[in-house]
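Some notes on the structure that comes next.
Readers should treat all values here as calculations from the given coordinates under stated rules, not as data from a laboratory. Note that the coordinates shown come from a computational prediction; the quantities given were computed from them, not determined experimentally. Every residue, glycine among them, receives a Cβ derived from its backbone with ideal geometry; neighbour counts consider all protein chains shown.
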Amino acid sequence: MKITTKTEALNIVETSYLASLSSLLWVALYYLPIGGALLRLILPLPIILLHLRRGTKIALEGLLIQFLLLFIIMGPIRGALFLFPYGILAFWLGWCWFKKKSWRLSLTGGVIIGTIGFFLRVIALSTLVGDNLWVLITRASYSFIEKFIELFNLPLFPSILSIQLGAILLIIFQEIVYVLTVHIVAYSLFPRFKLNIPDPPRLLNSLVDLNNI
């Protein structure tokens, strides 16, 4: 392929570097025993940055390149785990902010993607380790509900249905916190790259301002 313009060259270079950076972050998140929370937080940012700088088509190419790199380095299952939800979430947030969509849309879609991705990861990792990891999640949910009942001295006994529902609600809450934090970090960081994302709704203004202090 012959490169004829500076824009084409920049598209190739930025796509390669940002896709490689995101791949490196995923490998570090998967194998390093420390820094998981920070790595999860910044993992979607390179593809989002590529989307905002170069558009939807280039971002999709970057996502494909990243998937192929991880597929080769880590294998089909571990490589594909990046897409669910981090890769798809990064593409979704990049598209929303590139199109100047509201936080309500990007947050709602991001939480849905994150929740579905969580369950897909549980299925994939259960297959890899040969054990049902959902049992561990329901045990954590039961422990949380039991402590809540003891704290308020409630005459209740959690049923299997309430434990399962509690586990799902905890997962959704976790994804809300994660996706919202990514929004706040991007809103604070991207103006330094001369990129802007839509302003948050009034309800979240105080939270974003607190983050910028």
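Selection of helices (runs of 4 or more DSSP H) fully inside region 77-172 by the criterion of at least 3 residues being among the small types (Gly, Ala, Ser) and closer than 19 Å to residue 67 by Cα returns 103-129. Of the residues that make up region 40-47, is at least one surrounded by 14 or more Cβ atoms within 10 Å (Cβ to Cβ), touching a Gly at 6+ places or on another chain (Cβ under 7 Å) and aliphatic (A, V, I, L, M)? Yes; the residues of region 40-47 include at least one that is surrounded by 14 or more Cβ atoms within 10 Å (Cβ to Cβ), touching a Gly at 6+ places or on another chain (Cβ under 7 Å) and aliphatic (A, V, I, L, M).
For residue 28, indicate whether it is free of Cβ contacts under 8 Å to residues at least 40 places away in the same chain and either under 16 Å from the mean Cα position of the chain (by Cα) or over 20 Å from residue 189 (Cβ atoms) (or both). Please lay out each step first, then the result.
Values: free of Cβ contacts under 8 Å to residues at least 40 places away in the same chain: yes; either under 16 Å from the mean Cα position of the chain (by Cα) or over 20 Å from residue 189 (Cβ atoms) (or both): yes.
It is true that residue 28 is free of Cβ contacts under 8 Å to residues at least 40 places away in the same chain and either under 16 Å from the mean Cα position of the chain (by Cα) or over 20 Å from residue 189 (Cβ atoms) (or both).
Does residue 122 satisfy being in contact (Cβ under 8 Å) with a residue 60 or more places away in the chain and hydrophobic (A, V, I, L, M, F, W, C)? So that I can check it myself, show each step before the final result.
Working: in contact (Cβ under 8 Å) with a residue 60 or more places away in the chain: no; hydrophobic (A, V, I, L, M, F, W, C): yes.
Answer is no for this residue.
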